[in-house]
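The values are calculated or read from the model by the stated rules, or taken from the named source; none is laboratory data. Since we're looking at a predicted model, the values are computed, not measured. All Cβ positions, even for glycine, are placed from backbone atoms using ideal geometry, and neighbour counts span all protein chains on display.
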């Protein structure tokens, strides 16, 4: 029986999850060449399918903590996709002028503004090289956004079938790397002149992260997949189409991925998501906006009552952190009043108030704290001021305007509020996917209306 390219790629994805952690221990120097070969084979196997770019990029993103020649593996993979399509004869696909999303214009202006600040800013405490590298990341994000806005998914069955195996692979690597740290002597950092591998060590806290250097980025992989699924599920429900297969299994795998990171925010996202799914199953559509508003008001009330009820919140955070086995985190975030993230927010707001219009330039946080603000909007305001914040909101406005949609709130807005994701590639891919799905809803609704006439 002939095996399809999709099935072969799925087998390769699972085999890589078994092989790569083993190479980390036995033949570290072979790990990156093997990963690059796996990516190349995936491109060849999936070259005739429209889902190729998504699957290959997300496969490479599993190796978030791995760099080759100073460049992240996923960025090298993106460059490889562009080169492959160019040599394939298709070149870079362009959006038609009359369909060019305004978000792309805002993104391009934001990139130009970030480079401009390197020249004109007098307040940037970071080095010129660091600022240039950060601005280059914005440029890369624009390129990623531009590329994926041209990647339309047609066959959702194949798309989610592939992502099912990507989630299994990421979970499997998380388990195996965790086991290797616990049972064998391996290091959280490997480096030479060609490559750099940075891993999260679970020796002090039992958290899974696979080949990610940060458990937060590990669970964001799964939030992106859930975001894709909910976008399509919403579209299918809106248009009365048949639901995608593998949905419930994909949801379970993603929730396991979030939970295995043992991130307090990831556990909060699980609770919110499961609660929304349960409520929406039994309530009519007219309740959806009300629930979205209620959640947002609850978050606002939390911040308003924080000074008054800080002692109760502190006790809860401390007990909850201990209960999930995050004892090491109690050293620097034992309570909300002594939480490093909240301290970073307070300091960032004080700095923003001094130069609110143009900001200080990229990486300014290094001049006053040991960690970034862990809030995307505060980071943008501090780096690029109100001008940059306006441009950033313009980039993501197609998603922000649907802030009361539960999966936008849970899988997009909340992560932006508690992490620095201004140059996180997956956010721009999620934006491109969301814009394309929103367009397809409008187009198919119009076509259905025309047919009935």
Residue that is surrounded by the fewest Cβ atoms within 10 Å (Cβ to Cβ), among those in the range 169-213 that are at pLDDT 85 or above and out of contact with any helix residue (DSSP H, G or I) (no Cβ under 9 Å at 6 or more places or on another chain)
198
Which pairs turn up if I take residues in the range 295-312 that are in a helix (DSSP H, G or I) and look for partners that are at pLDDT 70 or above with beta carbon separation below 7 Å, at least 6 apart in sequence or on another chain?
295/409; 296/404
Residues 55, 34, 41: which one is buried (at least 21 other Cβ atoms within 10 Å of the Cβ), modelled with pLDDT of 90 or more and either in a helix (DSSP H, G or I) or under 23 Å from the mean Cα position of the chain (by Cα) (or both)?
55
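Select the helices (runs of 4 or more DSSP H) contained entirely in the range 323-401, then report the ones holding at least 1 residues which are modelled with pLDDT of 90 or more and within 25 Å of the chain's Cα centre (by Cα). Before you say what the answer is, go through the steps one by one.
Values: elements: 330-333, 340-354, 376-400.
In the range 323-401, 376-400 are the helices (runs of 4 or more DSSP H) which contain 1 or more residues that are modelled with pLDDT of 90 or more and within 25 Å of the chain's Cα centre (by Cα).
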Of all residues in the range 126-152 being surrounded by fewer than 19 Cβ atoms within 10 Å (Cβ to Cβ) and not in a helix (DSSP H, G or I), which is modelled with the lowest pLDDT?
127
From the list 277, 285, which one is at pLDDT below 75 and farther than 26 Å from residue 342 by Cα?
285
Residue 13 is checked against (1) farther than 16 Å from residue 211 by Cα; (2) part of a helix (DSSP H, G or I) and fails just one. What number does that condition carry?
(1)
Given (1) in contact with a strand residue (DSSP E or B) (Cβ under 9 Å, 6 or more places away or on another chain); (2) more than 19 Å from residue 151 (Cα to Cα); (3) surrounded by fewer than 23 Cβ atoms within 10 Å (Cβ to Cβ), index of the condition residue 63 fails
(3)
Every residue in the range 247-275 that is outside any helix (DSSP H, G or I) and surrounded by 22 or more Cβ atoms within 10 Å (Cβ to Cβ), please.
261, 263
Residues that are modelled with pLDDT of 90 or more and over 21 Å from residue 75 (Cβ atoms), drawn from the range 419-439
434, 435
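Does residue 211 fit the bill of being under 17 Å from the mean Cα position of the chain (by Cα), touching a residue at least 24 places away in the same chain (Cβ under 8 Å) and not in a helix (DSSP H, G or I)?
yes
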Evaluate the following for residue 218: is it buried (at least 21 other Cβ atoms within 10 Å of the Cβ) and either at pLDDT 90 or above or not in a helix (DSSP H, G or I) (or both)?
yes
Residue 123 fails exactly one of (1) within 16 Å of residue 384 (Cα to Cα); (2) at pLDDT below 90; (3) part of a helix (DSSP H, G or I), namely (3)
